[in-house]
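The values are calculated or read from the model by the stated rules, or taken from the named source; none is laboratory data. Bear in mind that the values here come from a model prediction, so they are computed numbers and not experimental data. Positions of Cβ are backbone-derived with ideal geometry, glycine not excepted, and every protein chain shown enters the neighbour counts. Just the protein is used for accessible areas: all its heavy atoms, side chains included, with ligands, DNA and RNA removed. Shrake-Rupley method; radii C 1.70, N 1.55, O 1.52, S 1.80 Å.
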Amino acid sequence: MRKMLVSLSIVAVLALPGVVLAHEGHHHVMGTVTAVDATHVELKTTDGKSKSVPIHSDTKFIKGSKGTIAGTASDLRIGTRIMIDLGKDGSAQEIRLPSGKPTN
């Protein structure tokens, strides 16, 4: 039993760097939309800070938790909770929206 526990611990330690590296270079921002226009979206983040994120013509909008419903920039409404995947330049690569109809 002890050998199996030690073996499993070793496997877990060796596998951990692969899990950590899987998200290397990817940054996310989560929060509530406070302002939006054709070039940026402004959020109040989950830690209460304000963050402005540039959006561009290549930004993808995805609705729903499974990511199978295409959204558009017009789905961004003040008060909507969203998650943004940021590119290396800090602009929005992908914006995840809730699947329901906007409340505003």
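Structural remarks
- Qualifying residue in the stretch 40-52 (condition: assigned to a loop (DSSP other than H, G, I, E, B), open to solvent by less than 90 Å² (accessible area, probe 1.4 Å) and modelled with pLDDT of 90 or more): yes
- Residue within the stretch 67-81 that is of a type in the set (S, T, N, Q), under 16 Å from THR32 (Cβ atoms) and in contact with a strand residue (DSSP E or B) (Cβ under 9 Å, 6 or more places away or on another chain) present: yes
- Residues in the stretch 18-39 that are modelled with pLDDT of 90 or more and among the small types (Gly, Ala, Ser) were compared, and the one that is farthest from LEU97 (Cα to Cα) is ALA35.
- Residue count, the stretch 79-96 (criterion: outside any strand (DSSP E or B) and open to solvent by less than 50 Å² (accessible area, probe 1.4 Å)): 5
- Annotation: of all residues in the stretch 53-63 being under 10 Å from SER91 (Cα atoms) and in a strand (DSSP E or B), the one that is most open to solvent (accessible area, probe 1.4 Å) is PRO54.
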